[in-house]
């Protein structure tokens, strides 16, 4: 069965370190997204991609970067982790831009 | 600027009664609206959607209503069940999905 997986499920890192969160999907979807979930803010879009070599900034992109070298993967990198980036991160993919997003199970990141 | 708003952070309902979750939006260019359900430690899962050209969509116990003039949509769950207890996110889409802040629904047995 097709799926979308995130790794790791939990991560603790120190302030200033570079961290990469993995997202891998086997749906063969062109569209992939990264969101963060915080209390009182819901899910906020960090970065998204509509295909290989395409990346776009979302509403909270500062301090984050993504790259899309193939259809299956969209890794999210925190260049220099900050305590404000402690959050739960969700990756999603979709076949079309009009909905039908499938989400991964999330990565809980703690920056100490 | 929050384009999709859910003003009720939580809602408690008795089992068997109706649950009504509300959502307001500001961008008239949204062309689809969706509701997602989220359990703890899991990703959001799609529940139901509605096109901006419709005013109602029904799927089993779940019905979504859209009032474009008021820029308001609502999700009705009838009858509510304890397994419906979760966080519900309203979302809207143009070329990407924008989420509201979520409403925690608790269905009491």
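Screening residue A:2 on (1) more than 13 Å from chain B (Cβ to nearest Cβ); (2) within 23 Å of residue B:97 (Cβ to Cβ); (3) touching a residue at least 40 places away in the same chain (Cβ under 8 Å) shows it passes everything except condition (3).
For every residue, the table says whether it meets (1) over 24 Å from residue A:103 (Cα atoms); (2) over 10 Å from the mean Cα position of the chain (by Cα); (3) in contact (Cβ under 8 Å) with a residue 40 or more places away in the chain.
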residue: B:16; (1), (2), (3): yes, yes, yes
residue: B:20; (1), (2), (3): yes, no, yes
residue: B:23; (1), (2), (3): no, no, yes
residue: B:28; (1), (2), (3): yes, yes, yes
residue: B:34; (1), (2), (3): no, no, yes
residue: B:57; (1), (2), (3): no, yes, no
residue: B:86; (1), (2), (3): no, yes, yes
residue: B:96; (1), (2), (3): no, yes, no
residue: B:106; (1), (2), (3): no, yes, yes
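Screening segment A:15-112 for strands (runs of 3 or more DSSP E) wholly inside it with 3 or more residues that are at negative phi and either in contact (Cβ under 8 Å) with a residue 12 or more places away in the chain or surrounded by 15 or more Cβ atoms within 10 Å (Cβ to Cβ) (or both) returns the ranges A:19-25, A:31-38, A:42-51, A:64-66, A:76-78, A:87-94, A:107-111.
A short reminder: the numbers here are calculations on the coordinates, not readings from a lab. Computed from a predicted model, the values in this text were never measured in an experiment. Every residue, glycine as well, gets a Cβ built from its backbone with ideal geometry; the counts of neighbours run over all protein chains shown.
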